[in-house]
1. On the given criteria, is Gln62 at positive phi and either surrounded by 11 or more Cβ atoms within 10 Å (Cβ to Cβ) or modelled with pLDDT under 85 (or both)?
2. Give me a count of the residues in region 87-111 that are under 21 Å from the mean Cα position of the chain (by Cα), among the β-branched types (Val, Ile, Thr), outside any loop (DSSP other than H, G, I, E, B) and closer than 16 Å to Met76 by Cβ.
3. Report yes if Thr52 is within 24 Å of Ala120 (Cα to Cα) and modelled with pLDDT under 65, otherwise no.
4. One residue is enough: does region 120-127 have a residue meeting the conditions in a loop (DSSP other than H, G, I, E, B), without any contact (Cβ under 8 Å) to a residue 40 or more places away in the chain and over 19 Å from Glu57 (Cβ atoms)?
5. Right, Glu108: among the acidic types (Asp, Glu) and crowded, with 16+ Cβ neighbours inside 10 Å or not?
Amino acid sequence: MRLSESGAKKSSISLTPLIDVVFLLLIFFMLASTFLRFNAIPISAVEDGGKTEDVKEIVLIQIDGGQRLQVNGVTMQVDDLSAHLDNLVAKGMTKAVVRPTRDTTVQELVTVLERARRTALTSVVVVR
């Protein structure tokens with residue numbers, strides 16, 4: 001004769017589905033919530049049209065590499081850049097666009113940017 005209960009088995013609850021549901025909820029709320037608005041940019045409506053840049057105010061500096069540059073089509077050395085930019089600023093040019101080629105080293109680009117920043121230019125931008 002048996003003395004133990006044969007009909008009552010202790011069933012265990014598996015936590016794996018519960019953990020899966022918790023992770024799915026966590027991922028959903030992380031993707032659906034917004035903590036800060038990083039991409040919010042104030043935009044004002046322009047009624048009469050926007051102001052376009054006058055090309056005559058912009059100096060194009062192309063760095064060819066090997067200490068050679070072209071400033072608005074005039075070929076020169078890096079040492080002559082500051083004096084030439086000062087002359088252009090006196091003629092009313094206020095902004096500069098620097099365009100390095102593939103042969104340009106980082107040091108050449110930094111040298112041109114430093115010399116351009118020492119002049120009275122209001123803006124110096126590097127483009128690819």
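1. When the stated conditions are applied, Gln62 does not pass them.
2. Adding up the residues that qualify gives 1.
3. Yes.
4. no
5. Considered against the rule, which asks whether it is among the acidic types (Asp, Glu) and crowded, with 16+ Cβ neighbours inside 10 Å, Glu108 comes out as yes.
The values are calculated or read from the model by the stated rules, or taken from the named source; none is laboratory data. Being a predicted model, the structure only gives us computed values, none of them experimental. Please note: Cβ atoms are built from the backbone with ideal geometry, for glycine as well, and neighbour counts cover all protein chains shown.
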